[in-house]
Each structure stands twice: as C-alpha cells, then as structure tokens.
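The values are calculated or read from the model by the stated rules, or taken from the named source; none is laboratory data. What you are looking at is a predicted structure, and each value in this text was computed from that prediction instead of being measured. Backbone-built Cβ (ideal geometry, glycine too); neighbour counts: all protein chains shown. Just the protein is used for accessible areas: all its heavy atoms, side chains included, with ligands, DNA and RNA removed. Shrake-Rupley method; radii C 1.70, N 1.55, O 1.52, S 1.80 Å.
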Amino acid sequence: MCANHNEIAAMLREEDLAALMRRAYEVKTATWGRRVALRGLVEFSNICAKNCLYCGIRRGNSKVSRYRMDESEIVDAVAWAADNRYGSVVLQSGELETEENAAFIERVLKAIRARLGDGLGITLSVGEQSEATYRRWLDAGANRYLLRIETSNPELYARLHPADHSWQRRLECLRTLSRVGYIVGTGVMIGLPGQTVDDLARDIRFFIDEGVDMIGMGPYLVHPDTPLAADAPRTEKSRLLELTLRMIAAARLTIPDANIASTTALQAIDPEGREKGLLAGANVIMPNVTPVKYRGEYILYPDKPCTGESSELCRGCLERRVKSVGEEIAWGERGDPLHFARRTA
C-alpha cells in the first residue's frame, strides 16, 4: 500500500488503535510469517563528537564516563552472538569522523570476518562519514548501515541540534549509503517537543520516498543531563506508547517488505512495550550483547532496560517474551529485508 500524506495522517489519528495494529500485523505475517529476526547490539563506544541537545552521550555531557571497547572485546561479543544463533549484529557507537576511528572500525570488521566468515549480517551505526569511509567499511565486511534522520522536518531538526549540525548532510549520507550498496536503515524519534502528527506522517512519507530498507523508531525519552530537558514538555507514557505503535503500524502498512524494529525504548515506557511493537507489525528486535561492565555508560535515555543483565539472561528472557505473543525467533538467519532485494533487483 502506497499512501499519500493525508492517508498516513489518518492512520496516525485513527480512533481504533487495536484495529490499526491488527491490519498491520496481518500484513507483517503475510510478508514475514510469525517470525522475529534478532540483531545482537554491541555498543562499543560512547565517545561522540556530536552535541545533539537531546542525547545522553552528547559531547558536552561531562557526567558520562567515556569508553571504547578493545578490538578483541568487540570481536568476542560478536562471536558470542554468532555462537548463540543470532543471525546478525549491530555495531553502534557515538559519532566520530576521524581517520583513527575509520581505521579502527575497518580492523574490527576484518577481524570479525576472519573469525566468523561471511554468513553473519553486520550493521554499522556510527554516524555521518565520507563516501570513501563508507566504501572502506563495506569492503571490510559491513553490509548494513543505520543512520537515523531523527526527524524529516529540517526546521524541527535545527531546534534539536547545535548550529554546526546539518540535516542536509545527514540526508546526503543516507543517499550515499544507498548508492554505494548498503542495506540502509533510518528512523525518527516520536513525541519530540514541537512535533505534530503531520510531522510524523511526513516521516513515513520520507521512508517511502527515500526507499529505506530498515526502520527503527522509538519514543523520545527526556534525559535529565541534556539542554533539551530544561524546557521539554513530558509527554505521558501512554501517549508516547500509542504514537509509537501507530507509527510502526503505519510503516508496516505502507512499506510491507521493510525490516521494522520494536525498539528497547518501548520497554522503557511499558513493561510489554517490545511485545506490543511486534503486534503492531515490527519484525526485528535488537537484544543487547555488550559486556555488562560497559552498558551503564551507554545511556541515551533514562531507565534503559537490561543494563545490568548478562547477554545470557537477555537471550532467555527475549525468547520467552517473543513466544508470549505467538511469535518465533528466526534463529541463525540474517533476516535481510525483502525491500532491499526488490529495490536492487
């Protein structure tokens, strides 16, 4: 279903949320079956050159203890995920656009491929870079890239970032990633100060028009140690949950073959938030496989779930949660989005 702005906005305003979720879930099961793909998340560094006004690991937050995992620690975490039948992983960090960082990530990718071969899906989520760097990492073994646009509204983006942050540069990076051959993901925050339902409808149109293969959306959760916290109105958790579920459902109905994540942030506002995301049409969950000793320092938002649980505990808990809503985990499968195959055919 390809929808125009007014049709998408109508979905986001529809009174019967349960009916909207049912329709989206029917599309999801027709396209993917009742199966959930896993992405083992390795948050390998919280060092960031960006100073986004909403983010807990922004450069200007002096309360954060900075870290970067050693190459061997990252490879071991990825190997644990592969050994435990996670079909793909996400390597995520703060944003650094330096030669030293580019070379470090290149070495890590090559070490992962040397140890584990080519079967594992590897997503990078490390921000804005040059085309040369993106190509370098693709050649080293990455095959997916997640770069969240955060909002498709340039004016709203400008209110959330310092003057030296560019919405246009971020868009150009997304288009470069697609052009050079990555499976491309993006996403937005939901419930931002000043954001409207029309903004959210435009976000869905942005995903359609830019041809993204993967979508990761989550509620905006106010971090107390950020400039935005001082003036940001607190949207009620129930409203945040409802808006996020509507966005997942609208994305599934309009882009049936995309990978759509039920994010951990949903669980931060509702104990069963991730399960509800699956029932709204999501088909991906990203369990954290970062070593526990680092998790408490990668806090983008408050009350982040699972920061004290080992990867082993998270794996068992996750399987029970997925089964509780009638879904099964696609153990050992990369789960590449069908949208990418269609887009590049």
Margin query: Compute, for the range 116-253, the length of the dipole vector about the Cα centre, with Cβ point charges of +1 (Lys, Arg) and -1 (Asp, Glu) only. Units Debye, rounded to 20.
Written below: 200 debye
Next item on the list: Find which of ALA140, LEU174, ASN153 sits farthest along the positive direction of the dipole of the range 113-220, computed with +1 on the beta-carbon of Lys and Arg, -1 on that of Asp and Glu, about the Cα centre.
Entry: ALA140
Item checked: Distance histogram in 10 Å bins (all Cα pairs of the range 118-180, percent per bin) -> 20, 48, 25, 7, 0
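Work out how much length ARG66 to ARG234 would gain on full extension: take 0.36 nm times their residue separation and subtract the Cα-Cα distance, in nm to one decimal. It would help to have the intermediate numbers written out before the result.
Values: separation 168, 0.36 × 168 = 60.48 nm, distance 2.81 nm.
Extra length from ARG66 to ARG234 when fully extended: 57.7 nm.
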Check: Taking Rh as the Kirkwood radius, which is the inverse of the mean 1/r over Cα pairs, what is the Rg/Rh value for the range 202-345?
Finding: 0.98
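Among 249-260, 79-90, what's the highest-first ranking by average C-beta atoms within 10 angstrom per residue? Spell out each step's value before the answer.
On the way: 249-260: 24.2, 79-90: 20.0.
Most protected by this proxy first, the peptides run 249-260, 79-90.
Rounded to whole Å and sorted largest first, what semi-axes of the equivalent ellipsoid does the C-alpha gyration tensor of the range 74-161 yield via the square root of 5 times each eigenvalue?
Values: eigenvalues 143, 48, 22 Å².
Its equivalent ellipsoid spans semi-axes of 27, 16, 11 Å.
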Margin query: Along its three principal axes, how long is the range 78-237 when you only count alpha carbons? Whole Å, largest extent first please.
Written below: 48, 32, 31
Next item on the list: Obtain the nm distance between the two label points defined at ASP209 and TRP331 by a simple spin-label model: each point lies 7 Å from its Cα along the Cα-to-C-beta direction.
Entry: 4.4 nm
Next item on the list: Taking the Cα centre of the chain as origin, work out the dipole magnitude from +1 charges on Lys and Arg Cβ and -1 charges on Asp and Glu Cβ, in debye rounded to 20.
Entry: 320 debye
Item checked: Simple Cβ-charge dipole of the range 279-336, Lys/Arg +1 and Asp/Glu -1, about Cα centre, in debye nearest 20 -> 140 debye
Checklist line | Computed over the chain: relative contact order in percent, which uses C-alpha pairs under 8 Å that are six or more apart | finding: 27 percent
Check: How far, in nm, would the chain grow between SER324 and SER130 when pulled straight, counting 0.36 nm per residue and subtracting the alpha carbon separation?
Finding: 65.5 nm
Next item on the list: Output the pairs from LYS110/LYS323; LYS50/LYS323; LYS28/LYS237; LYS50/LYS304 with a Cα-Cα distance over 31 Å in this structure; if there are none, say none.
Entry: LYS110/LYS323; LYS50/LYS323
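Between ASP118 and ASP257, what is 0.36 nm times their sequence separation minus the Cα-Cα distance? Round to one decimal in nm. Could you put the intermediate results ahead of the total?
Values: separation 139, 0.36 × 139 = 50.04 nm, distance 2.38 nm.
That works out to 47.7 nm of additional length.
Summing +1 for each Lys or Arg and -1 for each Asp or Glu, what net charge is found among the other residues whose Cβ lies under 14 Å from the Cβ of ARG320? It would help to have the intermediate numbers written out before the result.
Values: positive: ARG274, ARG315, ARG321, LYS323; negative: GLU272, GLU275, GLU309, GLU312, GLU319, GLU327, GLU328.
Once all neighbours under 14 Å are counted, the net charge is -3.
Hey, what's the Cα Rg ratio for the chain versus the globular rule of thumb, 2.2 N^0.38 Å? If you can, show how the numbers build up before the last one.
Values: Rg = 18.5 Å, N = 345, 2.2 N^0.38 = 20.3 Å.
For the chain, the normalised Cα radius of gyration is 0.91.
Using the Cα atoms as the points, what is the convex hull volume per residue of the range 142-249 in Å³? Kindly include the intermediate steps, with their values, before the conclusion.
On the way: hull volume 12.5 nm³, N = 108.
Expressed per residue, the convex hull around the Cα atoms of the range 142-249 is 116 Å³.
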Check: Quick one: Cα centre-to-centre distance for the range 88-111 and the range 278-315, in angstrom?
Finding: 20 Å
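Could you order TYR294, TYR182 by accessible surface area, starting with the largest, using a probe radius of 1.4 Å?
Values: TYR294 35, TYR182 0 Å².
The most accessible residue leads, giving TYR294, TYR182.
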Notebook entry, point to check: Viscosity 1.567 mPa s, temperature 4 °C: Stokes-Einstein D of the range 1-124 from its Kirkwood Cα radius, in µm² per second?
Noted result: 72 µm²/s
Note to self: Rolling a 1.4 angstrom probe over the protein chains, ignoring ligands and nucleic acids, what is the accessible area of ASP231 in square angstrom, nearest 10?
What the structure shows: 140 Å²
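If you average the sequence gap of Cα pairs under 8 Å that are 6 or more apart and divide by the length of the range 199-345, what percent do you get for the contact order?
Numbers: 168 pairs, mean separation 36.4, N = 147.
Rounded, it is 25 percent for the range 199-345.
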Check: Evaluated at 37 °C with a viscosity of 0.692 mPa s, what Stokes-Einstein diffusion coefficient in µm²/s does the range 174-228 have when Rh comes from the Kirkwood expression over alpha-carbon pairs?
Finding: 257 µm²/s
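For the range 31-114, what relative contact order do you get, as a whole percent, if you take Cα pairs closer than 8 Å and at least 6 residues apart? Let's see the in-between values first.
Values: 94 pairs, mean separation 34.6, N = 84.
Relative CO of the range 31-114 lands at 41 percent.
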Next item on the list: Determine one quarter of the surface area of the Cα convex hull of the range 274-345, which equals its mean projected area, and express it in nm² to one decimal.
Entry: 6.5 nm²
